[in-house]
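First comes the structure, then the notes that go with it.
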Amino acid sequence: MPATDVVELILKDHRKMEDLFRTLRNVEADRGAALQGFAHLLIAHASAEEDEVYPALRRYKNVDDEVDHGVHEHHEANEALLALLEVGDTGSEEWDEKLEELVTAVNHHADEEERTLLNDARENVAEDRRSQLGEAFREARAKYLAEGCGSIENVRKLVAAADE
């Protein structure tokens, strides 16, 4: 049976993103395809967190600032993702620069989220509730993936909406 603990599911996505970064840095890889996969995963993951996980975590301890910060960092990652998606040539210096900006934004967020929100969730949220949240997270994530959430058009919309 697959893991349903929301903390484990989020950590699994973070490790998958790190794997995709290794592929994106590899000049021999199909960077365009890897970027599409990454874009869909990042947007689905962050959207599912904001829809299902963050609202539930707000009910525990004093994590409002951490949740708000997480949402802000999702927006920064979306902006960095859009900047990379808009670079046409995956072999260019500009592509490498934008990739490193994306890697920095995402890794910073994942590291902070793991040390604060996820550790708090592990300590303060009952196991059955983490499983319920995991199911909700997985369903929301799957819905976003099915909608093609990582398309450049959708990422543009998300960035524009957050800037309003």
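The values are calculated or read from the model by the stated rules, or taken from the named source; none is laboratory data. Note that the structure is a prediction, hence the values are computed from the model and not measured. Every residue, glycine as well, gets a Cβ built from its backbone with ideal geometry; the counts of neighbours run over all protein chains shown. Surface accessibility is based on the protein's heavy atoms, side chains included, excluding ligands, DNA and RNA. Shrake-Rupley method; radii C 1.70, N 1.55, O 1.52, S 1.80 Å.
If only the Cβ of Lys and Arg carry +1 and only the Cβ of Asp and Glu carry -1, the dipole of the chain around its Cα centre is close to 640 debye.
Within the accessible area of region 1-115, the carbon and sulfur atoms contribute 47%, probe 1.4 Å, all protein chains present. Just one of (1) 23; (2) 33; (3) 37 is percent of Cα pairs over 27 Å apart calculated from these coordinates, so which is it? Entry (1).
Leaving out ligands and nucleic acids, note down the accessible area per residue over region 1-117 with a 1.4 angstrom probe, in whole Å².
Details: 5690 Å² over 117 residues.
Dividing the accessible area of region 1-117 by its residue count gives 49 Å².
Heavy-atom accessible surface of ARG25, to the nearest 10 Å², is about 110 Å², with a 1.4 Å probe and all protein chains retained. Once C-alpha pairs closer than 8 Å and six or more residues apart are averaged by separation and normalised to the residue number of region 17-151, the relative contact order reads 42 percent. Taking each residue as 0.36 nm, the span from ALA146 to LEU11 lengthens on full extension beyond its C-alpha to C-alpha distance by 46.5 nm. Once you divide the Cα radius of gyration of region 1-66 by 2.2 N^0.38 Å, the number left is 1.37.
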